[in-house]
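**Student:** Structure incoming, see below.
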Amino acid sequence: MSRMIVVLALLCSGSALCGAARAQPDAIDDELSRTPGVHLTYYDVSGSSDQAIRNAMDKSPLRPRNGDRAVDALTTWNFSWKMWKDAHGICDPSLAEVTFTADVVLPRLVGSVPLAVARDWDRYVAKLRAHEAGHAVYARSRLGDVLAAAKSRRCEDINSAVSHVLDTIREHDRLYDIETSHGLKQGAVFPQGH
(Lines give C-alpha, C1' and ligand atoms only; values in the text may rest on other atoms or scores of the structure.)
Protein backbone atom coordinates (compact mmCIF):
# COMPACT_ATOMS: atom_id res chain seq x y z
CA MET A 1 0.00 0.00 0.00
CA SER A 2 2.77 2.49 0.81
CA ARG A 3 4.33 1.70 -2.58
CA MET A 4 1.13 2.80 -4.29
CA ILE A 5 1.07 6.11 -2.44
CA VAL A 6 4.65 6.88 -3.47
CA VAL A 7 3.84 6.19 -7.12
CA LEU A 8 0.81 8.47 -7.01
CA ALA A 9 2.84 11.20 -5.36
CA LEU A 10 5.43 10.97 -8.13
CA LEU A 11 2.71 11.09 -10.78
CA CYS A 12 1.19 14.21 -9.27
CA SER A 13 4.45 16.09 -8.84
CA GLY A 14 4.71 16.92 -12.54
CA SER A 15 1.38 15.95 -13.97
CA ALA A 16 -1.66 17.83 -15.16
CA LEU A 17 -3.76 15.23 -13.34
CA CYS A 18 -3.20 17.06 -10.06
CA GLY A 19 -5.06 20.27 -10.98
CA ALA A 20 -2.04 22.57 -10.99
CA ALA A 21 0.81 22.74 -13.43
CA ARG A 22 4.42 23.68 -13.18
CA ALA A 23 4.67 27.20 -14.52
CA GLN A 24 7.27 26.67 -17.22
CA PRO A 25 9.73 23.95 -18.25
CA ASP A 26 13.38 24.69 -17.53
CA ALA A 27 14.49 24.24 -21.14
CA ILE A 28 12.52 24.84 -24.31
CA ASP A 29 13.79 23.37 -27.56
CA ASP A 30 12.88 25.85 -30.28
CA GLU A 31 14.49 27.94 -33.00
CA LEU A 32 15.57 30.57 -30.50
CA SER A 33 17.35 28.12 -28.20
CA ARG A 34 19.01 26.36 -31.16
CA THR A 35 20.44 29.53 -32.72
CA PRO A 36 24.22 29.66 -32.16
CA GLY A 37 25.44 32.66 -30.21
CA VAL A 38 22.07 33.40 -28.57
CA HIS A 39 22.10 33.82 -24.79
CA LEU A 40 18.80 33.74 -22.94
CA THR A 41 18.17 35.53 -19.67
CA TYR A 42 14.94 35.71 -17.74
CA TYR A 43 13.07 37.92 -15.35
CA ASP A 44 10.78 35.97 -13.05
CA VAL A 45 7.09 36.70 -12.61
CA SER A 46 4.39 34.91 -10.68
CA GLY A 47 0.67 34.98 -10.12
CA SER A 48 -2.31 32.67 -9.90
CA SER A 49 -4.33 34.24 -12.73
CA ASP A 50 -3.60 35.67 -16.16
CA GLN A 51 -4.25 39.20 -14.93
CA ALA A 52 -2.09 38.77 -11.80
CA ILE A 53 0.78 37.58 -13.98
CA ARG A 54 0.30 40.49 -16.40
CA ASN A 55 0.40 42.90 -13.44
CA ALA A 56 3.60 41.25 -12.17
CA MET A 57 5.21 41.63 -15.60
CA ASP A 58 4.16 45.27 -15.88
CA LYS A 59 5.58 46.05 -12.42
CA SER A 60 8.81 44.09 -12.72
CA PRO A 61 11.86 46.35 -12.40
CA LEU A 62 13.72 43.79 -14.54
CA ARG A 63 11.33 44.07 -17.48
CA PRO A 64 13.38 45.12 -20.51
CA ARG A 65 13.08 48.51 -22.17
CA ASN A 66 13.39 49.32 -25.84
CA GLY A 67 14.32 52.97 -25.65
CA ASP A 68 11.75 54.52 -23.33
CA ARG A 69 9.15 51.78 -23.93
CA ALA A 70 8.79 48.81 -21.56
CA VAL A 71 8.49 45.53 -23.48
CA ASP A 72 7.83 41.95 -22.43
CA ALA A 73 10.93 40.64 -24.21
CA LEU A 74 13.92 42.13 -25.98
CA THR A 75 16.59 40.86 -28.35
CA THR A 76 19.85 42.74 -28.72
CA TRP A 77 22.51 41.46 -31.09
CA ASN A 78 26.16 42.26 -31.59
CA PHE A 79 28.80 41.57 -34.18
CA SER A 80 32.43 41.93 -33.26
CA TRP A 81 35.37 41.65 -35.59
CA LYS A 82 39.08 41.16 -35.25
CA MET A 83 41.72 42.09 -37.73
CA TRP A 84 44.98 40.21 -37.99
CA LYS A 85 48.35 41.17 -39.32
CA ASP A 86 50.13 39.17 -41.96
CA ALA A 87 53.67 37.78 -41.60
CA HIS A 88 55.07 41.25 -42.34
CA GLY A 89 53.08 42.94 -39.57
CA ILE A 90 50.66 44.60 -41.99
CA CYS A 91 46.92 44.50 -41.34
CA ASP A 92 45.34 41.99 -43.71
CA PRO A 93 41.54 42.25 -44.15
CA SER A 94 41.41 38.77 -45.67
CA LEU A 95 42.25 37.44 -42.20
CA ALA A 96 39.27 39.16 -40.53
CA GLU A 97 37.17 37.18 -38.08
CA VAL A 98 33.60 38.06 -37.13
CA THR A 99 31.56 36.71 -34.24
CA PHE A 100 27.84 37.04 -33.55
CA THR A 101 26.09 37.12 -30.19
CA ALA A 102 22.55 37.96 -29.20
CA ASP A 103 21.05 38.50 -25.78
CA VAL A 104 17.36 37.76 -25.39
CA VAL A 105 15.52 38.77 -22.22
CA LEU A 106 12.25 36.91 -21.63
CA PRO A 107 9.71 36.62 -18.83
CA ARG A 108 9.67 33.33 -16.88
CA LEU A 109 6.68 32.22 -14.87
CA VAL A 110 7.66 30.71 -11.53
CA GLY A 111 5.52 28.73 -9.13
CA SER A 112 2.48 26.57 -9.71
CA VAL A 113 -0.52 27.92 -11.55
CA PRO A 114 -3.93 26.53 -12.54
CA LEU A 115 -3.88 24.42 -15.70
CA ALA A 116 -5.78 26.96 -17.79
CA VAL A 117 -3.31 29.69 -16.81
CA ALA A 118 -0.36 27.40 -17.62
CA ARG A 119 -1.81 26.70 -21.08
CA ASP A 120 -2.33 30.42 -21.71
CA TRP A 121 1.19 31.18 -20.57
CA ASP A 122 2.78 28.40 -22.63
CA ARG A 123 0.96 29.58 -25.75
CA TYR A 124 2.10 33.17 -25.11
CA VAL A 125 5.72 32.24 -24.42
CA ALA A 126 5.89 30.13 -27.59
CA LYS A 127 4.65 33.08 -29.66
CA LEU A 128 6.93 35.54 -27.85
CA ARG A 129 9.96 33.31 -28.36
CA ALA A 130 9.08 32.90 -32.05
CA HIS A 131 8.93 36.68 -32.42
CA GLU A 132 12.28 37.19 -30.71
CA ALA A 133 13.75 34.40 -32.85
CA GLY A 134 12.75 36.47 -35.87
CA HIS A 135 15.17 39.16 -34.70
CA ALA A 136 18.02 36.88 -33.64
CA VAL A 137 17.87 34.43 -36.55
CA TYR A 138 17.76 37.20 -39.15
CA ALA A 139 20.70 39.03 -37.60
CA ARG A 140 22.73 35.83 -37.41
CA SER A 141 21.86 35.02 -41.03
CA ARG A 142 23.78 38.16 -42.01
CA LEU A 143 27.02 36.98 -40.39
CA GLY A 144 28.43 36.12 -43.83
CA ASP A 145 27.59 39.61 -45.11
CA VAL A 146 29.33 41.23 -42.15
CA LEU A 147 32.38 39.04 -42.72
CA ALA A 148 32.39 39.82 -46.46
CA ALA A 149 32.19 43.55 -45.72
CA ALA A 150 35.09 43.26 -43.28
CA LYS A 151 37.22 41.38 -45.80
CA SER A 152 36.42 43.62 -48.76
CA ARG A 153 38.05 46.83 -47.53
CA ARG A 154 41.31 48.22 -46.35
CA CYS A 155 41.75 47.85 -42.61
CA GLU A 156 41.08 51.53 -41.99
CA ASP A 157 37.75 51.29 -43.90
CA ILE A 158 36.36 48.15 -42.29
CA ASN A 159 34.26 49.86 -39.61
CA SER A 160 32.37 51.92 -42.18
CA ALA A 161 31.87 48.90 -44.47
CA VAL A 162 30.53 46.76 -41.62
CA SER A 163 28.39 49.62 -40.32
CA HIS A 164 26.47 49.64 -43.60
CA VAL A 165 25.52 45.98 -43.15
CA LEU A 166 24.59 46.57 -39.50
CA ASP A 167 22.33 49.44 -40.58
CA THR A 168 20.44 47.08 -42.90
CA ILE A 169 19.93 44.62 -40.04
CA ARG A 170 18.66 47.41 -37.78
CA GLU A 171 16.26 48.51 -40.52
CA HIS A 172 15.01 44.94 -40.87
CA ASP A 173 14.37 44.82 -37.10
CA ARG A 174 12.47 48.10 -37.25
CA LEU A 175 10.29 46.97 -40.17
CA TYR A 176 9.76 43.52 -38.64
CA ASP A 177 8.44 45.13 -35.45
CA ILE A 178 6.16 47.42 -37.44
CA GLU A 179 4.86 44.52 -39.55
CA THR A 180 4.21 42.33 -36.50
CA SER A 181 3.26 45.13 -34.09
CA HIS A 182 6.15 43.98 -31.89
CA GLY A 183 4.82 40.40 -31.97
CA LEU A 184 1.16 41.20 -31.25
CA LYS A 185 0.07 40.11 -34.75
CA GLN A 186 1.97 36.85 -34.16
CA GLY A 187 -0.08 36.16 -31.04
CA ALA A 188 2.52 37.28 -28.46
CA VAL A 189 -0.15 38.78 -26.22
CA PHE A 190 -0.73 38.01 -22.55
CA PRO A 191 -3.35 37.66 -21.45
CA GLN A 192 -5.10 37.04 -24.75
CA GLY A 193 -7.14 40.11 -25.63
CA HIS A 194 -4.95 42.39 -23.48
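The values are calculated or read from the model by the stated rules, or taken from the named source; none is laboratory data. Everything numeric here is computed off the predicted structure, so don't read it as measured data. Virtual Cβ from ideal backbone geometry, glycine too; neighbours counted across all protein chains shown. What goes into the accessible areas is simple: the full protein's heavy atoms, side chains included, and nothing from ligands, DNA or RNA. Shrake-Rupley method; radii C 1.70, N 1.55, O 1.52, S 1.80 Å.
**Student:** Within segment 143-155, which residues are farther than 26 Å from Pro64 by Cα, in contact (Cβ under 8 Å) with a residue 40 or more places away in the chain and of a type outside the set (S, T, N, Q)?
**Tutor:** At the first step, the residues of segment 143-155 found to be farther than 26 Å from Pro64 by Cα are 144-155.
Applying the additional criterion that residues be in contact (Cβ under 8 Å) with a residue 40 or more places away in the chain yields 146-147, 150-155.
Those that are farther than 26 Å from Pro64 by Cα, in contact (Cβ under 8 Å) with a residue 40 or more places away in the chain and of a type outside the set (S, T, N, Q): Val146, Leu147, Ala150, Lys151, Arg153, Arg154, Cys155.
**Student:** Answer with yes or no whether Cys155 is touching a helix residue (DSSP H, G or I) at 6+ places or on another chain (Cβ under 9 Å), more than 26 Å from Ser48 (Cβ to Cβ) and not β-branched (Val, Ile, Thr).
**Tutor:** Working: touching a helix residue (DSSP H, G or I) at 6+ places or on another chain (Cβ under 9 Å): no; more than 26 Å from Ser48 (Cβ to Cβ): yes; not β-branched (Val, Ile, Thr): yes.
No.
**Student:** Mind listing whichever residues of segment 138-156 are charged (D, E, K, R) and either in a helix (DSSP H, G or I) or open to solvent by 80 Å² or more (accessible area, probe 1.4 Å) (or both)?
**Tutor:** Arg140, Asp145, Lys151, Arg153, Arg154, Glu156, listed by residue number.
**Student:** Restricting attention to strands (runs of 3 or more DSSP E) lying wholly within segment 34-122, give those where 2 or more residues are in contact with a helix residue (DSSP H, G or I) (Cβ under 8 Å, 6 or more places away or on another chain) and at pLDDT 95 or above.
**Tutor:** Filter on segment 34-122 gives 38-45, 74-85, 91-109.
**Student:** Please determine, by comparing only the residues of segment 168-193 that are within 14 Å of Arg123 (Cα to Cα) and touching a residue at least 24 places away in the same chain (Cβ under 8 Å), which one is most open to solvent (accessible area, probe 1.4 Å).
**Tutor:** Gln192
**Student:** What single numbered condition from (1) farther than 22 Å from Asp167 by Cα; (2) open to solvent by 70 Å² or more (accessible area, probe 1.4 Å) fails to hold for Lys82?
**Tutor:** (1)
**Student:** Applying the selection to segment 155-193, what residues are in contact with an Asp or Glu (Cβ under 7 Å, 6 or more places away or on another chain) and among the polar types (S, T, N, Q)?
**Tutor:** Of everything in segment 155-193, just one residue is in contact with an Asp or Glu (Cβ under 7 Å, 6 or more places away or on another chain) and among the polar types (S, T, N, Q), namely Gln192.
**Student:** Starting from segment 87-108, keep only residues that are over 26 Å from Ala136 (Cα atoms), then list their pairs with residues that are of a type in the set (Ser, Thr, Tyr) whose Cβ atoms are within a distance under 9 Å, requiring at least 6 positions of separation or different chains.
**Tutor:** Pro93/Ser152
**Student:** Counting just the residues of segment 57-71 that are open to solvent by less than 30 Å² (accessible area, probe 1.4 Å) and more than 14 Å from Asp103 (Cα to Cα), which one comes out farthest from the chain's Cα centre (by Cα)?
**Tutor:** Selected residue: Ser60.
**Student:** Report whether or not Ala126 is at pLDDT 95 or above and assigned to a helix (DSSP H, G or I). Spell out the reasoning first.
**Tutor:** Numbers: at pLDDT 95 or above: yes; assigned to a helix (DSSP H, G or I): yes.
Criteria met by Ala126.
**Student:** Of Val110, Val165, Val125, Val105, which residue is farther than 21 Å from Leu62 by Cβ and open to solvent by less than 70 Å² (accessible area, probe 1.4 Å)?
**Tutor:** Only one candidate qualifies: Val165.
**Student:** A follow-up question, please. Which condition does Thr76 not pass, out of (1) of a type in the set (S, T, N, Q); (2) within 23 Å of the chain's Cα centre (by Cα); (3) over 23 Å from Val162 (Cβ atoms), if it passes all the others?
**Tutor:** (3)
**Student:** Name every residue in segment 157-194 that is part of a helix (DSSP H, G or I) and under 17 Å from the mean Cα position of the chain (by Cα), in order of residue number. Spell out the reasoning first.
**Tutor:** Initially, segment 157-194 is screened for residues part of a helix (DSSP H, G or I), giving 157-180, 184-186.
Once the filter is applied, which keeps residues that are part of a helix (DSSP H, G or I) and under 17 Å from the mean Cα position of the chain (by Cα), segment 157-194 yields Ile169, Arg170, His172, Asp173, Arg174, Tyr176, Asp177, Thr180, Leu184, Gln186.
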